[in-house]
Amino acid sequence: MAKEINKPKVVAYLGDSKLELATPLIVAGKEIKEIVIKEPKVKDLKAVSHIHNDLDKTVTLIANKSGFTIDEIEDFPTHIYMKLQGLVEPFLR
């Protein structure tokens, strides 16, 4: 029989994260008004675990979970990248 621990319950799904843009970002000729990062799963973290450079690891995870390519992410303005980094960083610790 498992021992019951008096700790808060954990939610099964945290949900996707969304970054809404005040002005559209042009990516591959399309206007982007929001960027959605799907909640990473363990397999997503495993897919980037071999990448030793933190910047490359973060860019790859953002690309994998947002639907943008790595090249597209690398062309994002730095301030947008930093916001996206903040959304995925807790999963990379």
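Computed from the coordinates by the stated procedures, all read-outs in this text should not be read as laboratory data. It should be emphasised that the depicted structure is a prediction, and the values quoted were computed from it without experimental measurement. Neighbour counts run over all protein chains shown; Cβ positions are idealised from the backbone, glycine included.
Under the criterion of Cα pairs below 8 Å and six or more residues apart, the relative contact order for the stretch 39-92 equals 37 percent.
So what are the stretch 39-92's ellipsoid semi-axes, whole angstrom, largest first, if each one is the square root of 5 times an eigenvalue of the alpha-carbon gyration tensor? Could you put the intermediate results ahead of the total?
Numbers: eigenvalues 56, 25, 23 Å².
One finds semi-axes of 17, 11, 11 Å for the stretch 39-92.
Principal-axis analysis of the Cα atoms of the chain puts helix 54-66 at an angle of about 90° to the longest axis. Rounded to the nearest 10 degrees, what's the angle between the helix 78-88 long axis and the longest principal axis of the chain, both from Cα atoms, 0 to 90? On a 0 to 90 degree scale, this one is about 20.
For the stretch 3-86, which trypsin sites (Lys or Arg not before Pro) pass both filters: DSSP loop (anything but H, G, I, E, B) and at most 11 other C-beta atoms within 10 Å? Provide the component values of the computation, followed by the final result.
Numbers: sites: Lys3, Lys9, Lys18, Lys30, Lys33, Lys38, Lys41, Lys43, Lys46, Lys57, Lys65, Lys83; in loops: Lys3, Lys9, Lys38, Lys41.
Taking the stretch 3-86 and a limit of 11 other Cβ atoms within 10 Å, the loop trypsin sites (Lys or Arg not before Pro) found are Lys3, Lys9, Lys41.
When each of Tyr81, Tyr13 is scored by the number of other beta-carbon atoms lying within 10 Å, the sequence from fewest to most is Tyr13, Tyr81. Enumerate the residues in the stretch 25-44 having an amide nitrogen under 15 Å from the point lying 7 Å beyond the Cα of Val10 toward its Cβ. Once the point is set 7 Å along Cα→Cβ of Val10, 40-43 turn out to lie under 15 Å by backbone N, inside the stretch 25-44. Convex hull volume of the Cα atoms of the chain, normalised per residue: 130 Å³. Compute the FRET efficiency between Lys41 and Glu74 as 1/(1 + (r/R0)^6), taking r as their Cβ-Cβ distance and R0 = 22 Å, and round to the nearest 0.05. Efficiency at R0 = 22 Å is approximately 0.40.
Would you calculate, for the chain, the mean residue ellipticity at 222 nm contributed by helices, counting each DSSP H stretch of 4 or more residues as -39,500 (n - 2.57) and dividing by all residues, to the nearest 500? Write out the running numbers ahead of the final one.
Details: 4 runs with 36 residues, N = 93.
The helix-only estimate for the chain comes to -11000 deg cm²/dmol at 222 nm.
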